[in-house]
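The values are calculated or read from the model by the stated rules, or taken from the named source; none is laboratory data. Not measured: the values here are computed from a predicted model. Backbone-built Cβ (ideal geometry, glycine too); neighbour counts: all protein chains shown.
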Amino acid sequence: MTVPHPPRSLSGRLRRAAHTTVAALTVLAGVFAPALSATAATESPSPETGPDVSIVLAPENQGAYTSGLPLAAAIAIDNDGESAAPAGQITLDLGRTALSDRASLLAWLNDGTTAQPLSPLGETASTEVGADAAASASLVVSSALVGELPPGVYPLRATLTFSQTTDGDALDPVTAQSAIIVSATGSTADSAVSALVPITANPSGSILSADELTALTAADGALTLQLSAVAGTGAVLAIDPAIPAAIRALGTATPLSAVDWLQRLETLPNERFLLQFNDADLTAQVSAGLDSPLQPTTLAPFLDPRGFAETDDSATPSPSPDAAPATAELPTDEELTALVGARTNIYWPRGDISPDDLAALSRFVTGSGDPVTVLPSSSFAEGADAAPVAVRADASGATVLVADSALSAALSRVAAEDNPLHRGAPLAEARALRWFTDPQASLLVAFDRNENRSADGLRDALTALSGGHTGTLAELLSASPALVSVSSESSAVRAASVTTLLDGEAQIRDFATILADPAQLTARERLSILSLLAVGEHSTDEDYSAAFGAHRQTTTETLNAVGIQPSNPILISSSVDVPAWLRNDLPYPVTVQLDARPSDPRLEVDGMMTIEGAAATTTRIKIPVTARIASGEVDLIMDLTSPTGVHIGTTQVAQLTVRAEWETIGLIVFGSLAVLLIGAGVVRTVFRRRADARTALAQDAPEPTDR
């Protein structure tokens, strides 16, 4: 029975419809709200960051000031933010008490720390600076406002205060520190500062390629610009021999610009010496206990004989451009790395070296003459607090040329700076540092390893403190040595890594016996180690550890680049070929020995097989296997070795299911059945024929007659 519903009112129906609509909208909102939120977040632009302003204070004339003359300074304003910086006011303040020493100078320049009060000199307006833009301002202060200053180095500060606010937030003032140097009237010129300029270039692979050399030695290339900067100066060049080696290794395929660059280098009158190949750090090597520096094992794999072929003009031209040359006398490693006039007995390692390691390094012999080590003044106790150290020193019997650490850092920043206005601050710093040294004492500057220096910056740095004449290496080495004591320590992280790297190299050397030319791997591994140890790379132990880990991973991948890949077939006969595959990920063909042996006597396997694998391919292998009269699960163990017996890759096991003699048993069974069937047919036929014969005889016999 159906129960009748009471009549529904209109208002009730409307309320229920509204509730239903609200519920539906709530569900839809829950479904689509995340997507709508994500879309809104994607489409709405991220808020702009405010101005990011910094300034650089560059006193005129590299900070040199003469009392009684106006004081001029330039201020560079840089805004790296995403919104404009408002206009403001720049004030210039001067400390009227001379700084006492280098330590107080560096504290002022680096942190703005000084105990003396500063007095205002003058001010000037600054303009608005757009987002990711730059501007400059200049300020000239009359001599009356500067006043009389005794000889010394005085702190100078510029402060940029913004006159407006950005988005309601006031911008904090920005400051920059510098210094002015007041010299005594009639003072003699300072002696010149000798400079060591490293010429290096880091390859992307084992050695600089033709494309890299083309870029580096082009008219605007890094190597070309550095030669242009040092030309006409007294700079001593420290050259990575990997550069001339890479140029010569290409033979006739060498880019013309690279040939011209090398000729230009060798004709420069500048003194020069060779760094270690790839500028590898000797401190880490000697700390690891090596008796001599690591050198390339051979550079032969990087030589193309076609680039050194002797041509015969009278011979008929070959129709094939790829035909092998008749003769090709290849250069030796010594010929590839040699450089005219270059010393080979000067070492320039990292400055973090212990006294024992320095003593051991001084016993290394790589060329003519007694070993000489270049170290920064910060390596010695006498160089604490940026104090200057005599340029020629004796440290526990080791002959050392000491580079002024503070001066080297300042001038290296000058050399790296493209903006001439930005170079003014480190130039003033260098001049101020020079003021705190004996004006007649020789000084040595060692520039940072930096293959991307500004040509103008490097020349400004080389000529900044010129005066008198630049001391030659012979003059520096002939100076009376000062006794100094080493206060630095060698990096235990780098020393331990050298031992591990050489262990890995030994594994690569054994592994490489699978190649027709093992040097294709061993030579590259050694150059990779030398590049990892480069002085100019991985300045901190943390960065070095990361690079070392990546190198170890690459070594492991190389050692696992060749291996055997098994299959798991089911044997259904007494003799089969078990398939397997030789995997070769190397770009070179390999020759290996395959040793396959069963885990059970139910299988018999032929002896050692020699397999040749093409480069970067997988080669199919057939392993002849014979099963005895037995069945079951049997493992086929497979190992690869090099022709010299070195184990290659990891042992692989193929699990085989043996069903021995199934084929023979099947043939016997089917043969027996066939014989029985044929025999039965023959017997049946014989009986049938006999029956038919009796029937025929019975039919042909005469019927009996009555007598």
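Of all the strands (runs of 3 or more DSSP E) wholly in segment 174-243, which have at least 3 residues that are modelled with pLDDT of 95 or more, crowded, with 17+ Cβ neighbours inside 10 Å and small (Gly, Ala, Ser)?
Details: elements: 174-182, 193-199, 236-239.
Here the list reads 174-182.
Of everything in segment 618-676 that's at positive phi and either modelled with pLDDT of 90 or more or basic (Lys, Arg) (or both), which residue is nearest to the chain's Cα centre (by Cα)?
Once the filter is applied, the top-ranked residue is 649.
I'd like to check something: does segment 588-600 contain any residue that is surrounded by 14 or more Cβ atoms within 10 Å (Cβ to Cβ) and acidic (Asp, Glu)?
Scanning segment 588-600, I find at least one residue that is surrounded by 14 or more Cβ atoms within 10 Å (Cβ to Cβ) and acidic (Asp, Glu), so the answer is yes.
Does residue 449 satisfy the condition of being in a loop (DSSP other than H, G, I, E, B), among the basic types (Lys, Arg) and either on the phi > 0 side of the Ramachandran plot or under 25 Å from the mean Cα position of the chain (by Cα) (or both)? Don't jump to the end; show me each part of the working.
Working: in a loop (DSSP other than H, G, I, E, B): yes; among the basic types (Lys, Arg): yes; either on the phi > 0 side of the Ramachandran plot or under 25 Å from the mean Cα position of the chain (by Cα) (or both): yes.
Yes, satisfied.
Please go through segment 269-291 and give me each residue that is outside any loop (DSSP other than H, G, I, E, B), within 18 Å of residue 537 (Cβ to Cβ) and in contact with a Lys or Arg (Cβ under 6 Å, 6 or more places away or on another chain), ordered by number. Spell out the reasoning first.
Restricting attention to segment 269-291, the residues satisfying the condition of being outside any loop (DSSP other than H, G, I, E, B) are 272-274, 277-280, 282-287.
The next check asks that each one be within 18 Å of residue 537 (Cβ to Cβ); those that pass are 277-280, 282-285, 287.
Hits for segment 269-291 are 283, 284.
From the set of residues in segment 431-446 that are over 32 Å from the mean Cα position of the chain (by Cα) and of a type in the set (Gly, Ala, Ser), which is surrounded by the most Cβ atoms within 10 Å (Cβ to Cβ)? Before you say what the answer is, go through the steps one by one.
First pass over segment 431-446, keeping only residues over 32 Å from the mean Cα position of the chain (by Cα): 431-443.
Okay, now just the ones that are also of a type in the set (Gly, Ala, Ser), so 432, 441-442.
On the way: 432: 29, 441: 12, 442: 19.
The qualifying residue surrounded by the most Cβ atoms within 10 Å (Cβ to Cβ) is 432.
Please tell me if residue 535 is surrounded by 14 or more Cβ atoms within 10 Å (Cβ to Cβ), among the hydrophobic types (A, V, I, L, M, F, W, C), over 30 Å from residue 616 (Cβ atoms) and under 14 Å from the mean Cα position of the chain (by Cα). Explain how you work it out, then say what you get.
Values: surrounded by 14 or more Cβ atoms within 10 Å (Cβ to Cβ): yes; among the hydrophobic types (A, V, I, L, M, F, W, C): yes; over 30 Å from residue 616 (Cβ atoms): yes; under 14 Å from the mean Cα position of the chain (by Cα): yes.
Yes, satisfied.
Go over the candidates 111, 132, 78, 101 one by one and state the one that is among the charged types (D, E, K, R), outside the structural domain of residue 463 (by TED's automatic domain parsing) and crowded, with 17+ Cβ neighbours inside 10 Å.
Details: 111 fails: crowded, with 17+ Cβ neighbours inside 10 Å; 132 fails: crowded, with 17+ Cβ neighbours inside 10 Å; 101 fails: crowded, with 17+ Cβ neighbours inside 10 Å.
Among 111, 132, 78, 101, only 78 is among the charged types (D, E, K, R), outside the structural domain of residue 463 (by TED's automatic domain parsing) and crowded, with 17+ Cβ neighbours inside 10 Å.
Could you tell me which of the residues 342, 441, 359 is touching a Phe, Trp or Tyr at 6+ places or on another chain (Cβ under 6 Å) and hydrophobic (A, V, I, L, M, F, W, C)? Break it down stepwise before answering.
Values: 441 fails: touching a Phe, Trp or Tyr at 6+ places or on another chain (Cβ under 6 Å); 359 fails: touching a Phe, Trp or Tyr at 6+ places or on another chain (Cβ under 6 Å).
The match here is 342.
For segment 346-370, name all the residues that are surrounded by fewer than 17 Cβ atoms within 10 Å (Cβ to Cβ), part of a loop (DSSP other than H, G, I, E, B) and not hydrophobic (A, V, I, L, M, F, W, C).
Selection gives 363, 366, 367, 368, 369, 370.
Which residue is nearest to residue 450 (Cα to Cα), if the candidates are limited to segment 408-425 and must be in contact with a Pro (Cβ under 8 Å, 6 or more places away or on another chain) and part of a helix (DSSP H, G or I)?
413
Restricting the first residue to segment 356-385 and requiring it to be free of Cβ contacts under 8 Å to residues at least 60 places away in the same chain, which pairs with a second residue that is surrounded by 20 or more Cβ atoms within 10 Å (Cβ to Cβ) and aromatic (Phe, Trp, Tyr) meet a Cβ separation below 6 Å and a spacing of at least six or different chains?
Correct list of pairs: 373/347.
Against the condition out of contact with any Phe, Trp or Tyr (no Cβ under 9 Å at 6 or more places or on another chain) and modelled with pLDDT under 95, how does residue 319 come out, does it pass?
On the way: out of contact with any Phe, Trp or Tyr (no Cβ under 9 Å at 6 or more places or on another chain): yes; modelled with pLDDT under 95: yes.
Here the answer is yes, as residue 319 does meet what is asked.
Please state which one of 384, 393 is surrounded by fewer than 18 Cβ atoms within 10 Å (Cβ to Cβ), hydrophobic (A, V, I, L, M, F, W, C), not in a loop (DSSP other than H, G, I, E, B) and not assigned by TED's automatic domain parsing to the domain that holds residue 236.
Working: 393 fails: surrounded by fewer than 18 Cβ atoms within 10 Å (Cβ to Cβ).
The unique qualifying residue is 384.
For segment 479-497, state whether one or more residues are in a helix (DSSP H, G or I), free of Cβ contacts under 8 Å to residues at least 60 places away in the same chain and surrounded by 15 or more Cβ atoms within 10 Å (Cβ to Cβ).
No: segment 479-497 contains no residue that is in a helix (DSSP H, G or I), free of Cβ contacts under 8 Å to residues at least 60 places away in the same chain and surrounded by 15 or more Cβ atoms within 10 Å (Cβ to Cβ).
Among the candidates 248, 272, 264, which residue alone is among the charged types (D, E, K, R), farther than 19 Å from residue 301 by Cα, surrounded by 19 or more Cβ atoms within 10 Å (Cβ to Cβ) and in contact with a helix residue (DSSP H, G or I) (Cβ under 9 Å, 6 or more places away or on another chain)? Before you say what the answer is, go through the steps one by one.
On the way: 248 fails: farther than 19 Å from residue 301 by Cα; 264 fails: surrounded by 19 or more Cβ atoms within 10 Å (Cβ to Cβ).
Checking each option against the conditions leaves just 272.
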